[in-house]
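The values are calculated or read from the model by the stated rules, or taken from the named source; none is laboratory data. The structure presented is a predicted model; accordingly, all values stated were derived computationally and were not measured. Note that we place each Cβ from the backbone using ideal geometry, even for glycine, and neighbour counts take in every protein chain shown. Areas reflect the complete protein model, heavy atoms only, side chains present, ligands, DNA and RNA absent. Shrake-Rupley method; radii C 1.70, N 1.55, O 1.52, S 1.80 Å.
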Amino acid sequence: MIGRVSGKVVAITGAASGLGEATARLMHAEGALVLLADIQDERGQQVAEELGERARYVHCDVTSESEVADVVDTSVSAFGRLDCMFNNAGIIGAHGPIDEIPLDEYEFTMAVLLRSVFLGMKHAARVMKPQRSGVILSTSSVGGLQGGLGTHIYGAAKGAIVALTKNVAAELGAWSIRVNAIAPGKILTPMNAAAVVGSADAMDQAREAFQTRTPLRGRIGMPDDIAHAALWLASDDAGFVSGQTVVVDGGLTTGSQENVAPGEHGRWASRRDLLREAGRSGLPTEADV
Ligand SMILES: NC(=O)c1ccc[n+]([C@@H]2O[C@H](COP(=O)([O-])OP(=O)(O)OC[C@H]3O[C@@H](n4cnc5c(N)ncnc54)[C@H](O)[C@@H]3O)[C@@H](O)[C@H]2O)c1
């Protein structure tokens, strides 16, 4: 079959659920050989079995260097090479006011969200440099780009992924390896259902809650929205894109006139007067001079 990533070998962490699972399914449908990695072994194994040929599951806790190294090595031993490493596994982690966050929760959150990405980049580069090709993708978040959209440590880790992506892209370009990140907005996944309505299984309730939180009318963010961004970045269509963080958030961080104070609804967009200095309206007239 001819797909957008036909014959490419793609390893995805956090592939048993949410964005990682959707990306594994889409990449596979587009012709990739996919290695799914996660700590939810039963779910991950099940997804790999559903995909069948060209898919495999491997256990990997992304905080462990040897287990991340094993994902990369398994890609090479099972499928012959590694074309795309997608560092995607994540949690929300520590939450609460800054003066109350326990140090061990900070350390754990940073290990799952940031150390994991460092390890994924490090070991992917180990095999991609000799290939002189490859794509490294990582999942950041709008919470890493703007304040107030996530918890503190989550935002810090996700912001650091943006910086790490740029720096590693600056190095690996010399080996024709592209390094990019994706910053999703609010996407309907078990992780976000847990955050928004308190249960990873309450997807229907979460869907309702999301309707009012997306600026793009009639639309909520779905895992496939991120999978399509990952597919594009992994494919040769994005062959000249490196060091970037692609924001996929339905316009959330762009801002929305829907989000102004009550009564201000649409005020600026529907204002017809040409407003100029000192609040005067219309074009200057002779009387102004
Ligand atoms: N859902 C959103 O709205 C959203 C927004 C921005 C960023 N993200 C990021 O997207 C990524 C995927 O999240 P999701 O929403 O699909 O959540 P999810 O809970 O559906 O999936 C996350 C997966 O990561 C796995 N995982 C957790 N800890 C792990 C570890 N130590 N080692 C290996 N795997 C581990 C989980 O088992 C799970 O399968 C995360 O990095 C998250 O921060 C999600």
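So the values come out like this:
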quantity	calculated
The range 75-95, residues that are open to solvent by less than 50 Å² (accessible area, probe 1.4 Å) and either without any contact (Cβ under 8 Å) to a residue 40 or more places away in the chain or part of a strand (DSSP E or B) (or both)	Cys84, Met85, Phe86, Asn87
Number of positions in the range 70-101 that are of a type in the set (A, V, I, L, M) and more than 30 Å from Gly150 (Cα to Cα)	4
The one condition in (1) in a helix (DSSP H, G or I); (2) near the ligand (Cβ under 8 Å from one of its atoms); (3) among the hydrophobic types (A, V, I, L, M, F, W, C) that Ala183 fails to fulfil	(1)
Residue within the range 19-31 that is over 24 Å from Ala238 (Cα atoms) and in contact (Cβ under 8 Å) with a residue 12 or more places away in the chain present	no
Residue match in the range 91-114 (condition: within 11 Å of the ligand (Cβ to nearest atom) and charged (D, E, K, R))	no
Residue in the range 163-180 that is within 13 Å of the ligand (Cβ to nearest atom), open to solvent by less than 30 Å² (accessible area, probe 1.4 Å) and not in a loop (DSSP other than H, G, I, E, B) present	no
Residue that is within 20 Å of Met27 (Cα to Cα) and among the aliphatic types (A, V, I, L, M), where the choices are Val72, Val62	Val72
Hits in the range 99-119 - residues which are assigned to a helix (DSSP H, G or I) and among the aliphatic types (A, V, I, L, M)	Leu103, Met110, Ala111, Val112, Leu113, Leu114, Val117, Leu119
